Amino acid sequence: MRPFFSCLLLFLCLTTAGLAQDDTYGIVMPNNASTRANCQRCLQLFRQKPKEVQFSVEKDENNILWFVITDKRWFEQMFQQSGDGIALDIVNKKRYDCKATPTEAKQIRGLLQKPVYADVLRRGLKPYENSFRVRLGQLPDELQGQTLEYNVLFLNNRHLCMYYTVYNLEAYNWKLLDMGVYLDTITFEKAEKAGQELVSKSYKTLNFRIPFEKNKSEYLAEDIRPVYDSLRLTDFDIKAIEIQAYSSVEGNLERNIELQEQRAASIVRALQSFQEPQIETRVNSAENWVEFLKDIQGTPYASYRDLSKAEVKNRLAGPDGTKLEPILKNHRKALIRLSLEKKSSYKIMTTQSLIREFNAALQNEEVIKAQEIQNLLLGRVRDKLADPNSLKELQIPRQENYADFLNNNAAVRYLVDQAYLIIAYNELEKLQDLDPDNYKIKYNLAALKFVIWKFDLQPVDPAAFLTQIRTLRSYDIEESLIGRMLTNYYIIQSEKYARARDYARKDGAVRQVLSLLKSVALRDEDYLSMAQYLTYYSDMEQATALIEDRVNRIDVDEDLLFYYLNLTIIDDELTQTPEYRSIMLNAFNRNKTRYCRLFNASNDGGVTFQLLEDDYLRDSYCENCENGE
């Protein structure tokens, strides 16, 4: 699907003041009486516009400007009379140069182009990929090579009725909640990121926090020993460690980051001293602005929330730094996620040796030994250290007693490579005949059928499938997993209805999704998937409401954090609040490049550089991105 930009409606001030140029090509700028009389039809059509109707402005390789729209019928309703038309306001990013004095807010921000009216628009509209487009003109020579955006003026009877700033809100294609597959336990695709177990007996993750003392950078084994002992790692080795290290906000940024990286590295060295296998390591460091701005609420220092970062640091360099130390000391810490792997005498064996040991164990009916070896093999396949086809060499009798072993083989091959979908599905159907009451097999069949239905790989009867999902309640399967499946059922149904342009039933399916989400336990990646799904159907309000409580945490998933900013940063009332400033600082600390990219042109990976019309956002951008530390 081609990407479309969302459109920010700027409600017009009913005045003729504040134009950026004298030549308005006969466009009648808003005034109370005239606008009300001439814009009623236009306003009504926009109120009735289905959310699925989207439009954008594009420039091709020949510098021709095109208006692109998804719905021909709505376009023809909008442009019926000779005075109905479109004009472009071409805005140059130079308007927002941090070194220049901020420009006066105006109705027309850039270079207004000659309008194109209904006769030409209707005749020129042609199919284009999965949409329609019509030519609006040529980019002026003097603007070629500049960083530009294209705002759209909608005209009725030559009156300006709507002025749209086109901004880039990535509307990802709809995505299912990760249902995982059943091995010994439920196993999600994003196992390590989600903190889920691949197989409960072999892998697990732990999260904990280590406070940092002021000016202390070296942590020795004896410092970490209590933490290590508390993890009870007798049976497990640390496979990987992910550290998010935070400094308090006073002092020099570069020194703070250096100190945190030294602290994190010393923790890794201390943990490594307890074991022989090498620990994979990932460290990120940042200043803890999120908790600082939160913790000074209700204190005599609450006004710090209105200061720039540089101003806060200057204040903390004086006596206020000492007075605030009881707060600041809580902000120096490391949030640590350990990925653990069970110790096993079989780990040093090659894959082929493990396969031979497994086959011998089953032949001798040493089931527990066989389970341990198969779990190791499944882990290697998951980590791409072994070929999924190697699992076919496991000699598992096709008997009901061994159905779990067979299920593990079939399910994990699909988990690591969806190219095995149909092969795995057919194998699971055969296993269901072998062991009709095995709930793991039944769950996996339903999970794989969702993908088959989503991509129309085989016919699926929706009513029968819904019954199949609900029947899982009769088995030993958690209700939350069934809730995830029911949510996915209505996600797919909504897409089927949307394809058929049955928007009423599509909206009904979306409402079912929202209702089910209230009772489904979601992880950060699930919240992100659902926000993207709702945005895909242009329901930005519901998408924002779904994730807004998650983004105030310092350890929020980075993708979710930036998606929230992408959804909300156009709301000029919200961006003025101290709470939002904290969220923006967290994003900047997590990924400066990604944060600054929000202010790129909408056709260059940004939301829109016209966000910089907002004085607060312009100050934030100029402090953090152009002139930041």
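Restricting attention to segment 237-266, which residues are in a helix (DSSP H, G or I) and either crowded, with 23+ Cβ neighbours inside 10 Å or not assigned by TED's automatic domain parsing to the domain that holds ARG225 (or both)?
Going residue by residue through segment 237-266, those that are in a helix (DSSP H, G or I) are 253-266.
Result: GLN260, ARG263, ALA264.
So ARG550 fits all but one of (1) touching a helix residue (DSSP H, G or I) at 6+ places or on another chain (Cβ under 8 Å); (2) surrounded by fewer than 20 Cβ atoms within 10 Å (Cβ to Cβ); (3) under 30 Å from VAL57 (Cα atoms); what number is the exception?
Single failed check for ARG550: (3).
Could you say whether any residue in segment 617-625 is surrounded by fewer than 17 Cβ atoms within 10 Å (Cβ to Cβ), within 19 Å of LEU293 (Cα to Cα), at pLDDT 85 or above and not β-branched (Val, Ile, Thr)?
yes
Scan (1) in a helix (DSSP H, G or I); (2) farther than 24 Å from ILE257 by Cβ for the single condition CYS622 breaks and write down its number.
Checking CYS622 against (1) in a helix (DSSP H, G or I); (2) farther than 24 Å from ILE257 by Cβ, the one that fails is (2).
Determine which member of the set LEU466, LEU431, LEU516 is touching a Gly at 6+ places or on another chain (Cβ under 7 Å) and part of a helix (DSSP H, G or I).
Working: LEU466 fails: touching a Gly at 6+ places or on another chain (Cβ under 7 Å); LEU431 fails: touching a Gly at 6+ places or on another chain (Cβ under 7 Å).
The unique qualifying residue is LEU516.
For a quick check of your reading of the model, give me the residue pairs whose first member lies in segment 254-273 and is more than 17 Å from LEU340 (Cβ to Cβ), whose second is of a type in the set (D, E, K, R) and in a helix (DSSP H, G or I), with beta-carbon atoms closer than 8 Å and at least 6 apart or on different chains.
From segment 254-273, no pairs qualify.
Could you tell me whether any residue of segment 121-129 is over 21 Å from GLY26 (Cβ atoms), assigned to a strand (DSSP E or B), free of Cβ contacts under 8 Å to residues at least 40 places away in the same chain and of a type in the set (D, E, K, R)?
Yes, there is a match, as at least one residue in segment 121-129 is over 21 Å from GLY26 (Cβ atoms), assigned to a strand (DSSP E or B), free of Cβ contacts under 8 Å to residues at least 40 places away in the same chain and of a type in the set (D, E, K, R).
Can you find a residue that is surrounded by 14 or more Cβ atoms within 10 Å (Cβ to Cβ) and more than 33 Å from the chain's Cα centre (by Cα) anywhere in segment 86-99?
yes
I need a count of the residues in segment 405-430 that are of a type outside the set (Lys, Arg) and either more than 16 Å from ASP184 (Cα to Cα) or in contact with a Pro (Cβ under 7 Å, 6 or more places away or on another chain) (or both). Before the answer, list the steps.
The first filter runs over segment 405-430 and keeps only residues of a type outside the set (Lys, Arg), leaving 405-412, 414-429.
Then drop every residue that is not either more than 16 Å from ASP184 (Cα to Cα) or in contact with a Pro (Cβ under 7 Å, 6 or more places away or on another chain) (or both), which leaves 416-427, 429.
Qualifying residue count, segment 405-430: 13.
Just to check your reading of the model, which residue among SER344, SER353 is part of a helix (DSSP H, G or I) and surrounded by fewer than 20 Cβ atoms within 10 Å (Cβ to Cβ)? Lay out the reasoning, then the answer.
Numbers: SER344 fails: part of a helix (DSSP H, G or I).
From the options SER344, SER353, the qualifying one is SER353.
Residues checked against (1) under 14 Å from the mean Cα position of the chain (by Cα); (2) assigned by TED's automatic domain parsing to the domain that holds LEU293; (3) over 28 Å from GLN48 (Cβ atoms); (4) not basic (Lys, Arg):
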| site | (1), (2), (3), (4) |
| --- | --- |
| LYS496 | no, no, no, no |
| ARG511 | no, no, no, no |
| SER529 | yes, no, yes, yes |
| VAL551 | yes, no, yes, yes |
| PHE562 | yes, no, yes, yes |
| ASP571 | no, no, no, yes |
| LEU574 | no, no, no, yes |
| ARG581 | no, no, yes, no |
| MET584 | no, no, yes, yes |
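Among the listed residues GLU261, GLU276, GLU250, identify the single one that is over 30 Å from the mean Cα position of the chain (by Cα) and farther than 23 Å from ILE327 by Cβ. Quick ask: steps written out before the conclusion?
On the way: GLU261 fails: over 30 Å from the mean Cα position of the chain (by Cα); GLU250 fails: farther than 23 Å from ILE327 by Cβ.
Within the list GLU261, GLU276, GLU250, the selection yields GLU276.
Against the conditions (1) crowded, with 19+ Cβ neighbours inside 10 Å; (2) out of contact with any Phe, Trp or Tyr (no Cβ under 9 Å at 6 or more places or on another chain); (3) of a type in the set (Asp, Glu), where does GLU280 fall short? Just the number, please.
Of (1) crowded, with 19+ Cβ neighbours inside 10 Å; (2) out of contact with any Phe, Trp or Tyr (no Cβ under 9 Å at 6 or more places or on another chain); (3) of a type in the set (Asp, Glu), only one is false for GLU280: (1).
The values are calculated or read from the model by the stated rules, or taken from the named source; none is laboratory data. Note that the coordinates shown come from a computational prediction; the quantities given were computed from them, not determined experimentally. Quick reminder, even Gly has a Cβ in these numbers, built from the backbone with ideal geometry, and neighbours come from all protein chains shown.
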